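Everything below concerns the one structure shown next.
Where a number appears in this text, it was derived from the coordinates with a stated rule and is not lab data. No experiment lies behind these values; they were computed from the predicted model shown. Glycine also receives a Cβ, built like all others from the backbone with ideal geometry; neighbour counts cover every protein chain displayed.
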Amino acid sequence: MRSLRKLAGAGLAAAAVGVVTAATAWACVSGPAVLMNNSTIKAGDTIQIKATNFTKPENVIVRFNALDGAVLADLGAPKNGALEGNVTIPATTKPGSYVLLFTQTSADGKPSQVPARSLIQVTGDSGTQPVLGATPASSARIDSLVTAHSDSVSGGTLALVAMGVGGIALFLAGIATLMTSRRSNAPVAAKARS
């Protein structure tokens, strides 16, 4: 019985390792992040950009207000996931809220990483803010943020699911083994002689 308990304990330990490994692999990992020296500027002004967590080797392209919007800058390829550069807002931009999209595209023309987005406020020549509650400068920008995606499941995802199911099965088998071994080791009451 002791070897059965050791085996059940080893199974539980293996299940715990599997569950922790799968949970770590499935955990949220932060994506690209963009920092700007100023998010409220006048049309025609330049923003200094610092970006991190760009994991793909392709150049980072800054687009204005849509995934297919005007290209404002090519910041180059990231080095160790980081890059810096300047982005100039078009001088003809009307006051309002806009989005800068930081995209990377692979050689086949498909996005290689989820775009990073930064909101900017363009003010009038006098520095006045847009009127609160006014219609955004481009209401179509929300529709243009939709990106293509794939519904296919990768082999890695299937392997993680299989490991999770196997770990849960091992865990439940270990509990069942421990419960049955405790019942069988219960002392048997001696029968009274008459």
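What is the extension gain from SER106 to ALA91, computed as 0.36 nm multiplied by their sequence separation minus the C-alpha to C-alpha distance, in nm to one decimal?
Values: separation 15, 0.36 × 15 = 5.40 nm, distance 3.04 nm.
Between SER106 and ALA91, full extension yields 2.4 nm more.
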For LYS56 paired with LYS6, estimate the spin-label separation in nm (one decimal), with each label point 7 Å from Cα along the Cα-to-Cβ line.
-> 5.3
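Go through 60-66, 10-16, 75-81 and give me the packing order, highest mean Cβ count within 10 Å leading. Mind dumping the intermediate values first?
Numbers: 60-66: 21.0, 10-16: 16.1, 75-81: 13.9.
Answer by packing, highest mean first, reads 60-66, 10-16, 75-81.
How much length is gained if the chain between ASP68 and ALA16 is pulled fully straight, taking 0.36 nm per residue apart and subtracting their Cα-Cα distance, in nm to one decimal?
Numbers: separation 52, 0.36 × 52 = 18.72 nm, distance 4.65 nm.
My answer for the length gained is 14.1 nm.
Which ordering of ASP45, ASP108 is given by a fewest-first count of other beta-carbon atoms within 10 Å? Write down the numbers at each step before the final one.
Numbers: ASP45 15, ASP108 6.
With the fewest neighbours first, ASP45, ASP108 line up as ASP108, ASP45.
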Estimate the FRET efficiency between ALA77 and ARG117 by the formula 1/(1 + (r/R0)^6), using the beta-carbon distance for r and 22 Å for R0, to the nearest 0.05.
-> 0.65
